[in-house]
Amino acid sequence: EREQTLNQLLVEMDGFEANEGIILIAATNRPDVLDPALLRPGRFDRQVVVPNPDIIGRERILQVHMKKVPLAADVDPRTIARGTPGFSGADLANLVNEAALLAARRNKRTVAMAEFEDAKDKVMMGAERRSMVMSDEERKLTAYHEGGHALVALNLEASDPIHKATIIPRGRALGMVMRLPERDQLSVTRAKLKADLAVAMGGRIAEEVIFGHEKVTSGASSDIQMATNMAKAMVTQFGMSDELGPLAYGDNEQEVFLGHSVTRTQNTSDETQSKIDSETRKFVDEGYQKAESIIRENLDDLHTIANGLLEYETLSGDEIEGLLKGDPPHRPEPTDTDSGPGALSAVPSVGKSKNVGDAKPQST
């Protein structure tokens, strides 16, 4: 069936007569599975790679979508664009929509920066599950686990800055520490990867240091999986192992798809595979030891961060740094929540004419 479809497409593109004045345009997110016959000169011979937008592109995309909603004076598209690296155009459209829905639920006339921040957290970290019942012991353990991640990240220069730490369950996680790069990253250094390994181990070590070896939980399973995959990539893909050198090992592990063989062949010997396992373990152990050293040397800071999370549940990176300097967070009371009959909706109206009472969108 696939071959018949391909042949028919080629016939329609070439045919027996010349088709002038017709431009064929196609898009795919799996160029690796396209048949070479489609890409030869005279067919789809010009290929344009469209990556996710950079900070300038994200800002302009946000400005387009923000025209549909009434904005508060504090909304800065540039700041939002800087905090959304890797977002696609669809992600940014969803972000603006989620922010507008949040403002409507809060009976606000306009969409403020607070709604955009909360919407960004929902998109990046998952929806809050405040209805989930956690015991005091679980909350305390989660606070120290996330505090361990945050403490290690703060003490490693190569680590990305902390965006937010929370012990409010989101998605399948009981808590989370979200870090965001200060700019778009096109490549990753060895120092950055080693810092990420240490940060991943910080939660597990905090549990063991505070609660003891027998009280370590399964909460670090995803951290361990991520660290193992990262260390293996450093050895087999990035050539960062001093023992194995700048060589690539293992087959392409992309998803099996059309035109790809289902079988896998191993192109490494048992001896080489043993070295790969050893070097992978070496990188993970180095990260573990670095994180343990930081946590044991800064136990007071760990207690401060954990207690702050227990009290406030969610802390931004700046608030964590302020806590460590003795400056607790200042949480303003919510404002602009007029829910009377004359209140304006922050949700854009679609498919209907604007009435006199409809809010006019602000342009940026």
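For the range 1-100, the set of GluC sites (Glu not before Pro) satisfying both a DSSP loop assignment and a count of at most 10 other C-beta atoms within 10 Å is given as E1, E17, E20. Using the Karplus equation 6.51 cos²θ - 1.76 cosθ + 1.60 (θ = phi - 60°), what ³J(HN,Hα) coupling, rounded to whole Hz, does each residue of the range 26-31 give in order, writing x for Gly and Pro? The phi angles translate into 9, 9, 8, 9, 10, x Hz. Among E286, E279, sorting on how many other beta-carbon atoms sit within 10 Å of each Cβ, with the fewest leading, yields E286, E279.
Shown in residue order for the range 94-110 are the 3J(HN,Hα) couplings computed by the Karplus curve 6.51 cos²θ - 1.76 cosθ + 1.60 at θ = phi - 60°: 5, 4, 5, 5, 5, 5, 5, 5, 4, 4, 5, 5, 8, 6, 9, 6, 10 Hz (x for Gly and Pro).
Annotation: amide H-H contacts under 5 Å for K164 (H modelled 1.01 Å from N, sequence separation of 5 or more, or interchain): M178, G317. Phi-derived couplings, Karplus 6.51 cos²θ - 1.76 cosθ + 1.60 at θ = phi - 60°, listed residue by residue for the range 273-278: 4, 5, 5, 4, 4, 5 Hz, with x used for Gly and Pro. For V75, the residues 5 or more places off, or on other chains, whose built amide H falls under 5 Å of its own are M113.
Bear in mind that the values in this text are calculations on the coordinates, not laboratory data. It should be emphasised that the depicted structure is a prediction, and the values quoted were computed from it without experimental measurement. Glycine gets a Cβ as well: all are built from the backbone with ideal geometry, and neighbour counts include every protein chain shown.
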